[in-house]
Amino acid sequence: MAERETVLEVDSLVRYFPIRTGLLQRHSGDVRALDGVSFTLGRGETLGIVGESGCGKSTLARTVVGLDKPTSGSVRYRGTDVHRASGSALRKLRRRVQIVLQDPYTSLNPRKTVRDLLTEPFEIHRDVLPGPKRLPRVKELMDLVGLNPDHLDRYPFQFSGGQRQRIGIARALALEPEVVVCDEPVSALDVSVQAQVVNLLRRLQRELGLSYLFIAHDLSVVRHISDRVAVMYLGKAVELGDRRDVYDRPGHPYTRALLEAVPIPEPDGRDTRRRTLLSGDPPSPVDPPSGCRFRTRCPKAQSLCAETEPLLRIGSAPASEVACHFPEGIPSSRGT
C-alpha cells in the first residue's frame with residue numbers, strides 16, 4: 001500500500017474512569033477503558049476498529065473527537081493536539097474532525113426539524129457560511145446523502161432508521177470535515193439498510209476525500225469498508241495491519257478466535273472449520289491480568305505471558321503488528 005499523508009495521530013492514549021465508593025466518595029479504583037492505544041490515520045484512509053463490547057471502542061471515538069479528555073497520551077490532527085487547543089484553533093479543529101453516532105433514534109433531537117438539525121452547525125460556526133447561503137447548502141447536504149430536500153420540514157420520527165442515519169451523516173459533513181469518526185454507525189440498522197449506509201459512506205469518501213475511523217463489532221462490515229484494521233481487547237490494540245493481512249493471516253490468537261466465530265453459510269448446513277475456543281469471560285477492566293491481558297483465555301498462554309506485557313511488533317504478515325509473545329506464523333522462540 002502506498003504511503004499516505006498522516007492526518008490523525010493517536011499516541012499512547014489512556015483513559016481511566018475513577019471508581020468512587022462510600023459516603024465520602026473516596027477513589028477506590030479505576031475502569032481502564034483505554035490503556036496505551038496508538039495508531040495513525042492517513043488521508044483518504046479508513047481504519048477499522050473491532051473488538052468485543054466493553055473493549056474501549058466508543059471511549060476511543062469520544063476521546064478522538066474531543067468529547068472526552070484522556071488521562072494521558074495525545075490525539076493530534078495535522079500536528080494540533082485535540083485536547084490542548086483553545087480559541088480559534090479549537091473551533092477550526094472541531095470543524096475538521098466530526099463524528100457519526102451509533103443510534104440514529106437518540107442522536108437526533110426529536111423536537112427539531114431536519115432543517116434545524118442541519119442548520120445548527122452553521123449557527124455555531126457562524127463564520128463558515130453567511131445566512132443566505134445556508135439553506136442552499138442544507139438542501140445540497142440532503143441530496144448528497146440521498147434524501148429528498150423537500151422533506152426538510154419533517155421531524156426525525158417521520159423517517160426510517162436508515163434515513164435518520166443519513167441525516168446524521170449529513171450533519172457531520174455540514175462543516176466539510178476531513179476526518180469522520182463513525183462510532184458503530186450501522187449496528188442499529190437492518191442488514192439490508194446497513195449495506196446501503198456503508199455504500200453511501202464509501203461513495204462520500206471517494207467524492208470528498210474523507211478519512212474514516214470506522215468502529216464496529218461486525219467483522220464483515222469492517223472488512224468491506226476498511227483499508228487497515230486494529231483489533232482491540234480490554235483497552236489495548238492487540239493487532240494492527242492491512243485488512244487483507246489481518247483477515248487472511250491473523251497473527252494474534254484473539255483475532256483468529258474472532259474470525260473463526262463468524263458463521264459461514266454451508267450448502268449442507270455443516271461448518272467443518274476448526275475453531276479456537278476461548279475459555280471463560282473477559283476479565284474486568286478494573287483489575288486486568290498481569291502481562292498479556294488475553295492470557296487468561298488464550299489457548300497458547302505460557303508463563304512468559306503472565307510475566308511480561310507483549311508490545312505491538314511485526315507479526316506473521318509483513319504489514320501487520322501483533323501484541324503477542326507467540327504470534328501465529330512465528331516460532332515460539334521469537335517470543336523470548
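The values are calculated or read from the model by the stated rules, or taken from the named source; none is laboratory data. Bear in mind that the values here come from a model prediction, so they are computed numbers and not experimental data. Cβ: placed from backbone, ideal geometry, glycine included. Neighbour counts: every protein chain shown.
Only residues that are over 17 Å from the mean Cα position of the chain (by Cα) and within 21 Å of Lys139 (Cα to Cα) were counted in region 178-198, giving 1.
Condition (residue is farther than 14 Å from Glu178 by Cβ and crowded, with 23+ Cβ neighbours inside 10 Å) applied to region 22-30: is it met by at least one residue? No. Check region 262-270 and report whether any residue there is crowded, with 17+ Cβ neighbours inside 10 Å and at pLDDT below 90. The answer is no, given that none of the residues of region 262-270 is crowded, with 17+ Cβ neighbours inside 10 Å and at pLDDT below 90. Scanning region 148-159 for residues that are surrounded by 15 or more Cβ atoms within 10 Å (Cβ to Cβ) and either of a type in the set (Phe, Trp, Tyr) or closer than 20 Å to Ile99 by Cβ (or both) yields Tyr155, Pro156, Phe159.
From the list Arg96, Arg91, which one is basic (Lys, Arg), at pLDDT 90 or above and over 30 Å from Cys292 (Cβ atoms)? Give the derivation first.
On the way: Arg91 fails: at pLDDT 90 or above.
Exactly one of Arg96, Arg91 is basic (Lys, Arg), at pLDDT 90 or above and over 30 Å from Cys292 (Cβ atoms), namely Arg96.
For region 80-110, a residue qualifies if it is exposed (fewer than 15 other Cβ atoms within 10 Å of the Cβ) and under 20 Å from Tyr155 (Cβ atoms), and the qualifying residues are Tyr105, Thr106, Asn109, Pro110. Any residue at all in region 119-138 that is of a type in the set (D, E, K, R), within 30 Å of Cys55 (Cα to Cα) and surrounded by 18 or more Cβ atoms within 10 Å (Cβ to Cβ)? No, there is no match, as no residue in region 119-138 is of a type in the set (D, E, K, R), within 30 Å of Cys55 (Cα to Cα) and surrounded by 18 or more Cβ atoms within 10 Å (Cβ to Cβ). The set of residues in region 226-262 that are within 22 Å of Val198 (Cβ to Cβ), of a type in the set (Val, Ile, Thr) and in contact with a helix residue (DSSP H, G or I) (Cβ under 6 Å, 6 or more places away or on another chain) comprises Val229, Val231, Val262.
Considering (1) part of a helix (DSSP H, G or I); (2) in contact with a helix residue (DSSP H, G or I) (Cβ under 6 Å, 6 or more places away or on another chain); (3) among the hydroxyl-bearing types (Ser, Thr, Tyr), the lone condition that Ser58 does not fulfil carries the number (2). Within this structure, Tyr212 passes the test of being under 24 Å from Gln165 (Cβ atoms), of a type in the set (Phe, Trp, Tyr) and touching an Asp or Glu at 6+ places or on another chain (Cβ under 8 Å). Taking the criterion of being at negative phi and either out of contact with any strand residue (DSSP E or B) (no Cβ under 8 Å at 6 or more places or on another chain) or part of a loop (DSSP other than H, G, I, E, B) (or both), the residues of region 224-253 that qualify are His224, Ser226, Asp227, Tyr233, Arg244, Asp245, Asp248, Arg249, Pro250, Gly251, His252, Pro253. Applying the condition of being modelled with pLDDT of 95 or more, assigned to a helix (DSSP H, G or I) and in contact with a strand residue (DSSP E or B) (Cβ under 8 Å, 6 or more places away or on another chain) to region 187-223 and asking which residue is surrounded by the fewest Cβ atoms within 10 Å (Cβ to Cβ) yields Gln205.
Based on this model, can you work out whether Gly162 counts as in a helix (DSSP H, G or I), in contact with a helix residue (DSSP H, G or I) (Cβ under 8 Å, 6 or more places away or on another chain) and either farther than 20 Å from Glu45 by Cα or not aromatic (Phe, Trp, Tyr) (or both)? The answer is yes for Gly162. The set of residues in region 8-21 being over 20 Å from Lys57 (Cβ atoms) and either surrounded by 11 or more Cβ atoms within 10 Å (Cβ to Cβ) or not β-branched (Val, Ile, Thr) (or both) consists of Pro18, Ile19, Arg20. In region 99-109, the count of residues that are closer than 23 Å to Ser211 by Cα and among the aromatic types (Phe, Trp, Tyr) is zero. When region 287-336 is filtered for residues that are outside any loop (DSSP other than H, G, I, E, B), of a type outside the set (Asp, Glu) and either modelled with pLDDT under 85 or in contact with a strand residue (DSSP E or B) (Cβ under 6 Å, 6 or more places away or on another chain) (or both), the ones remaining, listed by number, are Arg313, Ile314, Val322, Ser332, Ser333, Arg334, Gly335. Looking across Thr63, Thr46, one residue alone is surrounded by 22 or more Cβ atoms within 10 Å (Cβ to Cβ), in contact with a helix residue (DSSP H, G or I) (Cβ under 9 Å, 6 or more places away or on another chain) and within 16 Å of Ile99 (Cβ to Cβ). It is Thr46.
Right, Arg137: among the basic types (Lys, Arg) and touching a strand residue (DSSP E or B) at 6+ places or on another chain (Cβ under 8 Å) or not? Don't jump to the end; show me each part of the working.
Numbers: among the basic types (Lys, Arg): yes; touching a strand residue (DSSP E or B) at 6+ places or on another chain (Cβ under 8 Å): no.
So Arg137 fails the test.
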